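All remarks here apply to the structure that follows.
The values are calculated or read from the model by the stated rules, or taken from the named source; none is laboratory data. Keep in mind that what you see is a predicted model, and the values were worked out from it rather than measured. Counting neighbours? That spans all protein chains shown, and the Cβs are built from the backbone with ideal geometry, glycine included.
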Amino acid sequence: MACKRGALIVLEGVDKAGKTTQCKKLVKALELSGRPAEMMRFPDRSTTIGQLISAYLEKKSDLEDHTVHLLFSANRWELVPLMKKKLEQGTTLVVDRYAFSGVAFTSAKPGFCLDWCKSPDVGLPKPDLVMFLQLNPSEAAQRGQFGEERYENSVFQNRVQQRFEELMKDTSVNWKVIDASQSIDNVHTSIQDHSLNAINAAQETQLGTLWK
Ligand code: ADP
Ligand code: 2DT
């Protein structure tokens, strides 16, 4: 009999909400409980496309806004065959940012609507669960200064937050909002509960298609 597929689990949220911390903790906990799991992150800066994106984020290069949006999407598409293979093999993927960041960040720029921003990501593997780590800007500020990369300022991050709120109205996506102001351990407990439910449900359903 074919093995049960893994779940595609995504963590989203503004800068410093705790996404990376929680992805790592979740993968460790799943593995300790005997469930194969791996972390991925977008952008994946290791590929040729990822290196173009990385130079843009580090402000070492400038790219036209539509162009960089399409590169972020291409960076997801180039990883799709690997993602599907791992999921089919029964590995749960815990992903730090996905198409939702893509849409929220570009549509926070002047002149971009949600529909245009979503279109290049239509058809990607649909996450079984998307957890949005909710943290207000003043609490995020207490977790340290913004870095030097592009987009790392409070005005832009507030616009991004509003765009995420628009995206979360879409009930075709399994969104769960997590209160990211709790302690690291308490946030982890909620994330783990939602993830175990999603992993069990994924075993009984086919992988879906995003925004189609
Ligand atoms: P993100 O990936 O969302 O930008 P990180 O996981 O890198 O966020 O966390 C940003 C900073 O906040 C790190 O220094 C991390 O240790 C700290 N942090 C993460 N979660 C919490 C939490 N629940 N409470 C307090 N500090 C946290
Ligand atoms: P980190 O590597 O610190 O997460 O920052 N972004 C991300 C986009 O603009 N579009 C996308 O599709 C994705 C996945 C969010 C990466 C920065 O790149 C932004 C912050």
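Summary table
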| read-out | value |
| --- | --- |
| Residue identified as closer than 21 Å to Gln206 by Cα, under 18 Å from the mean Cα position of the chain (by Cα), modelled with pLDDT of 95 or more and crowded, with 18+ Cβ neighbours inside 10 Å among Leu87, Leu26 | Leu87 |
| Candidates Asn153, Asn197, filtered to the one that is of a type in the set (S, T, N, Q) and more than 16 Å from ligand 2 (Cβ to nearest atom) | Asn197 |
| Near pairs, Cβ below 7 angstrom, 6+ apart or cross-chain, from the range 14-33 (on the phi < 0 side of the Ramachandran plot) to any residue that is of a type in the set (S, T, N, Q) and within 10 Å of ligand 2 (Cβ to nearest atom) | Val14/Gln157; Asp15/Gln157 |
| Residues of the range 105-150 satisfying the condition of being away from ligand 2 (no atom under 11 Å from the Cβ), closer than 30 Å to Leu207 by Cα and part of a helix (DSSP H, G or I) | Leu114, Asp115, Trp116, Lys118, Ser119 |
| Candidates Glu12, Glu38 - the one that is touching a strand residue (DSSP E or B) at 6+ places or on another chain (Cβ under 9 Å), away from ligand 1 (no atom under 16 Å from the Cβ) and either modelled with pLDDT of 95 or more or part of a helix (DSSP H, G or I) (or both) | Glu38 |
| Any hit, the range 63-71, residues being part of a helix (DSSP H, G or I), within 13 Å of Leu124 (Cβ to Cβ) and more than 15 Å from the chain's Cα centre (by Cα) | no |
| Matching option when the condition is under 16 Å from Phe105 (Cα atoms) and more than 10 Å from ligand 2 (Cβ to nearest atom), among Glu64, Glu31, Glu12, Glu38 | Glu64 |
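Matching residues to (1) of a type in the set (A, V, I, L, M); (2) surrounded by fewer than 16 Cβ atoms within 10 Å (Cβ to Cβ):
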| position | (1), (2) |
| --- | --- |
| Gly144 | no, yes |
| Gln162 | no, yes |
| Lys169 | no, yes |
| Ile184 | yes, yes |
| Ala202 | yes, no |
